[in-house]
Amino acid sequence: MLNNMTASGDALVLQCNDSGNFIKHPPGIWQGVCVDVIDLGLVWTEFQGQRKLVRKLKLVFETEHIGEDGKRGIVTKNFTASLHPKSKLAGFVGQWRGRPVAPGENVDLKKLLGACCTLVLSHQQSLSGRTYVSIDAVSKATKKVVPSGTYDPAAMRQRIAEWAAKDAATAAEPRPGIPAHVPAPMPAAPAPVPTKSAAATPPPADDIPFDPEVGF
């Protein structure tokens, strides 16, 4: 975002300020818990100059990190909705539970809600120069993390809808090498919006012996 304009004689000076200057989740190894699984619907993807519609989903995790606002840290990761042996989602689920997804196996993604894990996070830079938090690896948890209940699934879906609308507007602009008849990205498929985090009311952690095994 360009702002803070100053003028001196014939000179016009603009200062570039990043409007997304918020405190990002610190990198490192963190214990976390899955608090949401969001169906993003059909999303346009581009690889080696080819564009196609692919169904995507987003996993949302709450970590033990406490931010300046007093709330727990939230990190997310998007996947193609496929458990093909070579898919990133199959590899992620296999690392999380400690055994690979077997050919023909069905995984109920709803069972990810409330499942604890160990996350390896890093700060990466996008092509536009923005820094974002990347979930680089996952494994079994070493302790139980109880969701705080402050995660707002409705607010997350609203932000996703706003991002999708912005991406659709950008994709509608003429682009070199892409036929003009290519349609804009389809909006995310509506998903049920729970009144509060799906994993917000588990029994107190101290009342249940910690079991690193996950139920999916």
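Within the set Ala171, Ala191, Ala198, the sole residue that is surrounded by 15 or more Cβ atoms within 10 Å (Cβ to Cβ), modelled with pLDDT under 95 and over 17 Å from the mean Cα position of the chain (by Cα) turns out to be Ala171. Condition (residue is more than 23 Å from Pro103 (Cα to Cα), part of a strand (DSSP E or B), under 11 Å from the mean Cα position of the chain (by Cα) and not acidic (Asp, Glu)) applied to the stretch 46-54: is it met by at least one residue? Checking the stretch 46-54: not a single residue is more than 23 Å from Pro103 (Cα to Cα), part of a strand (DSSP E or B), under 11 Å from the mean Cα position of the chain (by Cα) and not acidic (Asp, Glu).
Yes/no per residue for (1) β-branched (Val, Ile, Thr); (2) within 15 Å of Val75 (Cβ to Cβ):
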position: Leu89; (1), (2): no, no
position: Val101; (1), (2): yes, no
position: Leu121; (1), (2): no, yes
position: Val133; (1), (2): yes, yes
position: Val138; (1), (2): yes, yes
position: Ser148; (1), (2): no, yes
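Any residue at all in the stretch 13-30 that's out of contact with any Pro (no Cβ under 7 Å at 6 or more places or on another chain), modelled with pLDDT of 95 or more and under 19 Å from Phe216 (Cβ atoms)? Within the stretch 13-30 (the criterion being out of contact with any Pro (no Cβ under 7 Å at 6 or more places or on another chain), modelled with pLDDT of 95 or more and under 19 Å from Phe216 (Cβ atoms)), the answer is no, since none of the residues qualifies. For the stretch 25-44, the set of residues classified as farther than 25 Å from Lys110 by Cβ and part of a strand (DSSP E or B) consists of Gly28, Ile29, Trp44, listed by residue number. Taking the stretch 61-92 as the range and being among the hydroxyl-bearing types (Ser, Thr, Tyr) and outside any loop (DSSP other than H, G, I, E, B) as the test, the residues that pass are Thr63, Thr76, Thr80. Restricting attention to the stretch 83-93, report how many residues are under 16 Å from the mean Cα position of the chain (by Cα) and within 19 Å of Leu53 (Cα to Cα). Residues meeting the conditions: 2. Within the stretch 109-121, not a single residue is assigned to a loop (DSSP other than H, G, I, E, B) and out of contact with any strand residue (DSSP E or B) (no Cβ under 8 Å at 6 or more places or on another chain).
The values are calculated or read from the model by the stated rules, or taken from the named source; none is laboratory data. All values reported here derive from a predicted model rather than from experimental measurement. Quick reminder, even Gly has a Cβ in these numbers, built from the backbone with ideal geometry, and neighbours come from all protein chains shown.
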